[in-house]
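Here the structure is laid out as structure tokens; the discussion comes afterwards.
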Amino acid sequence: MEKIPEWFIKKEEWFFAMKAERMITIIGPTASGKTGRAVMLAEDLGGEIISGDSRQVYRGMDLGTGKDIEEYGDIPYHLIDVCEAGEKYNLHRFLYDFSKAYKDILERGVTPVFCGGTGLYVESALSGIILPEVPENKELRESLKNKNLEELTEILKSMKSLHNSTDIDTEKRAIRAIEIEKYYLSNPDTAIKADRKQATPLDSLIIGIDIPREERRKRITERLDKRLDSGMINEVKLLLEKGVSPEDLIYYGLEYKFLTLHVIGRLSFDEMRNQLEIAIHQFAKRQMTWFRGMERRGFKINWLPFDMPRKEFINTVVSLNEN
């Protein structure tokens, strides 16, 4: 008798494998509920989640980054807790880690569900760019070391368009950005791989979680108070006790910036809480600005209401994914 094919015996696994040709990306501003939506899809499709958040990579930074690990249940996830707090994770490392996770998931016949709110990381991954390892240029660094941030910014502007401010947060980062651009000029073949116009975008359905501004603001405020009550200040104290410097925590911004300033005595509790709330609202606005920019740059984002019932949401996504 002819042996029954394994795929027929495990037809459910086979069905998932057949659907695993296309990644589904869930984006949205903070507090929009995108993690919950990603988990819904992963549960329904037998998928695995890849995080596209620039701060959830750090171990021990849980409440402040909104990891909400409990939401994942039994769903496997990637790019969360991959490095120690205090390290400087960057786009180059993220793209390497993302590519590794993405290929691994596809090779196992599983649907990748990419979920995140860090626009630069998400867009860069979807663009399909490959960032090379750029060696240190000691001569260049020496020639730039006495220039201020404004001067370095002008140099960088003369070399490329600045789509975000991460390259010019500090003199050190600006010098590194100039170093990279210089390397690309000397290595045009490598530069092509890092050029979004030359790269091959990943095949992904992109779902945006559409939440009204006032509802978003309400959720941000409620979530902030809940996390403060859950021990977010103690989380920062523990990181400091473990040896992470205040400067490094402040560098991470938002919760870690303002909570650290409170813990070291530079802000009262009320000052910290009020300034942090404003900063998170501003951050959510910047996220939406980035996502709208992605649409102008050619990415098709299918916006679905944040409060769409689960079954309707899943059916809509599946339908869009088939078209």
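Are any of the pairs Lys172/Lys226; Lys157/Lys300; Lys34/Lys88; Lys182/Lys300; Lys226/Lys285; Lys193/Lys311 more than 30 Å apart by Cα-Cα distance, and if so, which?
Lys172/Lys226; Lys182/Lys300; Lys193/Lys311
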(request) Please find, in a Gaussian network model of the chain (springs between Cα atoms separated by less than 10 Å), the residue of Arg196, Arg296, Arg59 whose mean-square fluctuation is greatest. (result) Arg296
(request) For segment 315-323, take each phi angle, set θ = phi - 60°, evaluate the Karplus expression 6.51 cos²θ - 1.76 cosθ + 1.60, and give the result in whole Hz per residue in order, putting x for glycine and proline. (result) 4, 5, 5, 4, 5, 5, 6, 7, 8
(message) Normalised by the empirical 2.2 N^0.38 Å for globular proteins, what value does the Cα Rg of segment 63-122 take?
(response) 1.20
(request) Please build a GNM for the chain, connecting alpha carbons under 10 Å apart, and tell me which residue among Leu45, Leu202, Leu276 fluctuates the most. (result) Leu202
(message) Mean-square fluctuation check for the chain, GNM, Cα pairs under 10 Å: which of Glu70, Glu215, Glu107 is largest?
(response) Glu70
(request) Quote the relative contact order of the chain in percent (integer), defining contacts as alpha-carbon pairs under 8 Å separated by 6+ residues. (result) 24 percent
(request) Give me the aspartates and glutamates in straight-line cross-link reach of Lys67: C-alpha distance below 14 Å, same-chain residues under 8 apart excluded. (result) Asp53, Asp81, Glu235, Glu255
(message) Rounded to whole Å, give me the distance from the Cα center of segment 207-249 to that of segment 127-161.
(response) 32 Å
(message) Run the reach check for Lys138 against aspartates and glutamates, Cα to Cα strictly under 14 Å, same-chain hits fewer than 8 apart removed. What comes back?
(response) Glu179
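Can you divide the C-alpha Rg of segment 206-287 by 2.2 N^0.38 Å and report the result to two decimal places? Don't skip to the answer; put the middle values down first.
Values: Rg = 13.9 Å, N = 82, 2.2 N^0.38 = 11.7 Å.
For segment 206-287, the normalised Cα radius of gyration comes out at 1.18.
Find the all-direction average of the projected area of the Cα convex hull for the chain, expressing the result in square nanometres with one decimal place.
Value for the chain: 20.4 nm².
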(request) Rounding to the nearest 20 debye, state how big the charge dipole of the chain is about its Cα centre with +1 on each Lys and Arg Cβ and -1 on each Asp and Glu Cβ. (result) 720 debye
(message) With n ≥ 4 as the cut-off for DSSP H runs, can you work out [θ] at 222 nm for the chain, using -39500 (n - 2.57) per run divided by the number of residues, rounded to the nearest 500?
(response) -16500 deg cm²/dmol
(message) Just to verify a number: what accessible area does Lys300 come out at with the full protein assembly present, 1.4 Å probe, Å² rounded to tens?
(response) 140 Å²
(message) Whole angstrom only: what separates the Cα centroid of segment 173-200 from the Cα centroid of segment 254-323?
(response) 29 Å
(request) Specify whether the C-alpha gyration tensor of segment 85-171 places it in the rounded, prolate or oblate class, a ≥ b ≥ c being the square roots of the eigenvalues: rounded for a/c under 1.5, otherwise prolate if a/b is larger than b/c and oblate if not. (result) prolate
(message) Just want the answer: with Cβ charges of +1 for Lys and Arg and -1 for Asp and Glu, which residue in Val318, Ala125, Gly298 is farthest toward the dipole's positive end in the chain?
(response) Gly298
(request) First select every other residue whose beta carbon is under 13 angstrom from the beta carbon of Gln56; then total the charges, Lys and Arg +1, Asp and Glu -1. (result) -3
(request) Please state the charge dipole magnitude for segment 10-157, taken about the Cα centre, from unit charges on C-beta atoms (+1 on K and R, -1 on D and E), reported in debye and rounded to the nearest 20. (result) 280 debye
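The values are calculated or read from the model by the stated rules, or taken from the named source; none is laboratory data. Here the structure is a predicted model, which is why all the values come from computation and not from measurement. Positions of Cβ are generated from backbone atoms using ideal geometry, with glycine treated the same way; all protein chains shown enter the neighbour counts. Accessible surface is based on the protein model in full, side chains and every heavy atom, while ligands, DNA and RNA are left aside. Shrake-Rupley method; radii C 1.70, N 1.55, O 1.52, S 1.80 Å.
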